[in-house]
């Protein structure tokens, strides 16, 4: 039966929190004590921003056989839907919890214990280092994707599958990096509520026998400060958006022994500049909400992805959507799952990623992908951030007219709009040129660096309204 943590000794480091070092015995003490205090309900929304407190909440929930709900967003509409579907739920939080009257709530602060109770529990943990067993079939979390009706669709993650996933990730890290048998510390810029953040900063620590940083830095200076507080070897888990801002910050960047990236394609130029700076590898992760992480690659060495463990990528049977479909199966994947990406299969363990199915665009009979267009846009010198998207008006009329028109947003410095368009014409087919191209101060990225289409649509509408108003004033 899988254990709650993979650490074998009570003094093994498991977390670094605000210059405190926390050991395996500290984590067990906190998780077991919290398990006694939590509400007797089946489901919890773990809102804890402190990564260590999030992990303690998850550990206590596992001990109580409770299940975490991890939605893709935490807006009021999504939370109300979850409350209706899972009424036997409560919220665990450490700070800044949204005001949702329908949810019972429990606030978690550090230390979980204080005074004499802490001393007694510490003595017991030291004398009896017994790590709880968690049934492999226990559903530790439901992660959600947006269904076609707008209702969140749950995907169960059992403790057994999470354990095997963490073990497979640890094995791949050790294959790619020589840490000389030293445990490493993980700092992540992505929140633990996100599947990537959960797997690569929390599960890799607890179930892989490593240590996590409790911090969730966003700005470049914060990333540097938190890294400096961690011992080496240290791993930075991040996104292309955060990594690019960090590298271009002009700060004195502390040494890192491995950089892991996911959530969006990482440009070859950025990967090469990171490796040149740190003399350390950049590892990209491929996965999705339905399956979790599936594969990695070292982008500066090889464009081919290699699956974890016994995971296989095979061609789907009976696909009728006009695009070849692929299925992931095996190992910790509960059932064969169709992937939402266009994939070139080399063999069952190796593949090339050609882009998302939803990214495929057809303009005047010519095909491309938004991922490719974004890559070309961001490769232009002076472009700091940029993205193509399909405007809402085009989406509504596309089926009737058969025409698609693209737009784009750009954050740039030292280069004009005309110069950007000129460079784009040399890189992409004229059919895919953005009409219009919006110059903006920043893109509305979320905490994982992604750009929700709704936010892009709202931004485009706002800018078009401003431009129309300015045009009327001139007349």
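Only the coordinates and a few stated rules stand behind these numbers; no lab work does. Quantities reported herein were computed from a predicted structural model and do not represent experimental measurements. A quick note on method: Cβ atoms are made from the backbone with ideal geometry, for glycine too, and the neighbour counts reach across all protein chains shown.
Observations, loosely collected:
- Under the Debye formula (equal points on every Cα, no solvent term), log10 I(q)/I(0) of the range 13-264 at q = 0.08, 0.10, 0.15 Å⁻¹: -0.31, -0.49, -1.13
- With neighbour counts taken as other beta-carbon atoms within 10 Å, the residues 219, 129, 54 rank, fewest first, as 219, 129, 54.
- Sequence of 202, 387 once ranked by neighbouring C-beta atoms within 10 Å, starting from the fewest: 387, 202
- Net length gained if the chain between residue 19 and residue 344 were fully extended (0.36 nm per residue, minus Cα distance): 112.4 nm
- Bridge type composition, the chain - antiparallel percent by DSSP, nearest 5: 60 percent
- Exposure proxy ranking for 350, 242, 216, based on other Cβ atoms within 10 angstrom of each Cβ and starting from the fewest, stands as 350, 216, 242.
- The shape of the range 249-376 comes out oblate: with a ≥ b ≥ c from the C-alpha gyration tensor, a/c is at least 1.5 while a/b does not beat b/c.
- From most to least packed by mean Cβ count within 10 Å, the peptides 337-348, 304-315 give 304-315, 337-348.
- Inter-centroid distance (Cα atoms) of the range 174-196 relative to the range 327-390, Å: 25 Å
- Axis angle, to the nearest 10 degrees, between helix 268-278 and the longest C-alpha principal axis of the chain: 40 degrees.
- Packing here is the average count of other Cβ atoms within 10 Å per residue, and on that basis the peptides 188-194, 165-171, highest first, run 188-194, 165-171.
- Inter-label distance for residue 42 and residue 300, nm, one decimal - labels placed 7 Å from Cα along Cα-to-Cβ: 5.0 nm
- Contour minus Cα-Cα distance for residue 439 and residue 102 (0.36 nm per residue): 117.1 nm
- Taking Cα atoms only, the orientation of helix 392-401 departs from the longest principal axis of the chain by about 60 degrees.
- Take every pair of alpha-carbon atoms less than 8 Å apart whose residues are at least six positions apart; their mean separation over the length of the chain yields a relative contact order of 11 percent.
- Inter-part distance where the range 258-305 and the range 7-72 are each reduced to a Cα centre, Å: 29 Å
- Ellipsoid semi-axes in whole angstrom, largest first, where each is sqrt(5λ) of the Cα gyration tensor of the chain: 40, 25, 24
- Per-residue extension of 0.36 nm, minus the Cα-Cα distance of residue 73 and residue 218, leaves a gain of 50.4 nm for this segment.
- Our compactness index for the range 195-296, the C-alpha radius of gyration over the empirical 2.2 N^0.38 Å, is 1.03.
- For the chain, the longest principal axis of the C-alpha atoms and the axis of helix 24-37 are separated by about 90°.
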